[in-house]
Ligand code: CS2
């Protein structure tokens, strides 16, 4: 079978292909994106594709991954083309062409730097996941992070923050405007934190650069949403059958897609609002709603589900006790914890999310959501607990969710299986010391101060709820012994 690439893409029948890639004037690169994972290719790259398809513009994307060469090896031989499959009641396919090249910073540093410092590069977006920002619990750049320390001393940056700051410094020297930076990760106040981290890094190296950035760097906050499970061989086969070409790395996602961007996006940025993105002054409200009503239940379901030996979100939604637990969590503890934007009907929004979780066409592995708990929980669960404790609101279900995460880490340790988490070593060190005595074990986990803020770890109401949750779920550590009654 022939490969999907410029030469062959026009032979595809019955599926939309990127016509702008065959126009007399090819779009120039206007965006550099850090972190070309599946989410980016299903979401922002798709919006940009729609924009160029309908309105043209020089918004081709140069993707950069910091270390891994997987995406560049898959997409460069395909001239950046890949297929997006929307899996819902009906399946829809589309070939996306907004990515022009994929670079690997560790190998192609001069080329990456050239892109970042080109006058034609107007915007640098990123999906580098929570850990990519190297922040501490207070949301500031963690200057003790070994990679950040290396970047403060070294030549060739290994972190996104180091790379962006070095490129911005060069732009200042060249007399260019800074590019706009756009964080598209599930991080609270993502734009503000990103901006602050870059300026903090610059401060360490060159205070004049820090003041220039403080005056000129734009970093709108965003909220991004679309469920995008990892690609599997079944999808590769399904896509090959449809397009009659081999695609190294097609992407699948649900048909729902949402992008809310702070209305400080400058005029020389892509006008994604023309193709469905929402510009608003209240991103925080949308982001709070999404982190709390989608990501918090998602993680809760992932940890409890894995403990109950379930495989996918869809499977978890077939378990009445788990669905009931999640519904109680949402109604009693999550919805009362925040003020939603005026235009959002919270109940309906939450119901729609649960309906999306039920999508039978999406096989979203709970294990995938369970990754990086130490980075995700401080964004999606812990702030709700802190808020509720301060406002005399309940925290029982939230505490069970956090206890489920700790037991999930223990379960991985007991199975001698990999724990995908930057704190895996510390978590396994704790798991090793656990002795099944809930008060003892709970104390050990709560001592992890990069996840649990000290005031939370010392709050008697929370410690009691967390220890109780841990105690009730603990039988799950024995294979096939999930204590469903503990959720009642
Ligand atoms: C999920 C998210 O993997 C996870 O942690 O909760 O990736 C989720 O699917 C997206 O945020 C949906 O927009």
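The values are calculated or read from the model by the stated rules, or taken from the named source; none is laboratory data. Keep in mind the model is a prediction, meaning the values are calculated, not measured. Counting neighbours? That spans all protein chains shown, and the Cβs are built from the backbone with ideal geometry, glycine included.
Taken over segment 202-228, the criterion of being touching a strand residue (DSSP E or B) at 6+ places or on another chain (Cβ under 6 Å) and assigned to a loop (DSSP other than H, G, I, E, B) is satisfied by 218, 219, 220, 221, 226, 228. Just one of the listed residues (324, 343, 333) is more than 16 Å from the ligand (Cβ to nearest atom), crowded, with 22+ Cβ neighbours inside 10 Å and at negative phi, namely 333.
Exactly one residue out of 310, 354 is within 16 Å of the ligand (Cβ to nearest atom) and not in a loop (DSSP other than H, G, I, E, B), and it is 354. Close contacts from segment 285-298, counting a first residue that is over 15 Å from residue 355 (Cα atoms) and in contact (Cβ under 8 Å) with a residue 40 or more places away in the chain and a second that is part of a helix (DSSP H, G or I) and within 11 Å of the ligand (Cβ to nearest atom), with Cβ to Cβ under 7 Å and a gap of 6+ residues or different chains, come to 291/379; 291/380; 296/380. Considering (1) under 24 Å from residue 316 (Cα atoms); (2) within 31 Å of the chain's Cα centre (by Cα); (3) free of Cβ contacts under 8 Å to residues at least 40 places away in the same chain, the lone condition that residue 486 does not fulfil carries the number (3). For residue 154, the conditions (1) under 25 Å from residue 140 (Cβ atoms); (2) in contact (Cβ under 8 Å) with a residue 60 or more places away in the chain; (3) surrounded by fewer than 23 Cβ atoms within 10 Å (Cβ to Cβ) are fulfilled apart from (2).
In the set (1) crowded, with 22+ Cβ neighbours inside 10 Å; (2) more than 23 Å from residue 441 (Cβ to Cβ); (3) in contact with a strand residue (DSSP E or B) (Cβ under 9 Å, 6 or more places away or on another chain), the condition left unmet by residue 369 is number (3). Taken over segment 177-201, residues that are in contact with a strand residue (DSSP E or B) (Cβ under 7 Å, 6 or more places away or on another chain), within 16 Å of the ligand (Cβ to nearest atom) and under 10 Å from residue 139 (Cα atoms) amount to 1.
On the given criteria, is residue 107 surrounded by fewer than 21 Cβ atoms within 10 Å (Cβ to Cβ), at pLDDT 95 or above and more than 27 Å from residue 272 (Cβ to Cβ)? The answer is yes for residue 107. Contact map, segment 357-372: residues that are farther than 11 Å from residue 229 by Cα and assigned by TED's automatic domain parsing to the domain that holds residue 404 paired with residues that are near the ligand (Cβ under 10 Å from one of its atoms) and part of a helix (DSSP H, G or I), Cβ distance under 6 Å, separation 6+ or inter-chain. Pairs shown: 357/313; 370/302.
The set of residues from segment 270-286 being part of a helix (DSSP H, G or I) and either more than 14 Å from the ligand (Cβ to nearest atom) or modelled with pLDDT under 95 (or both) comprises 272, 273, 274, 275, 283, 284, 285.
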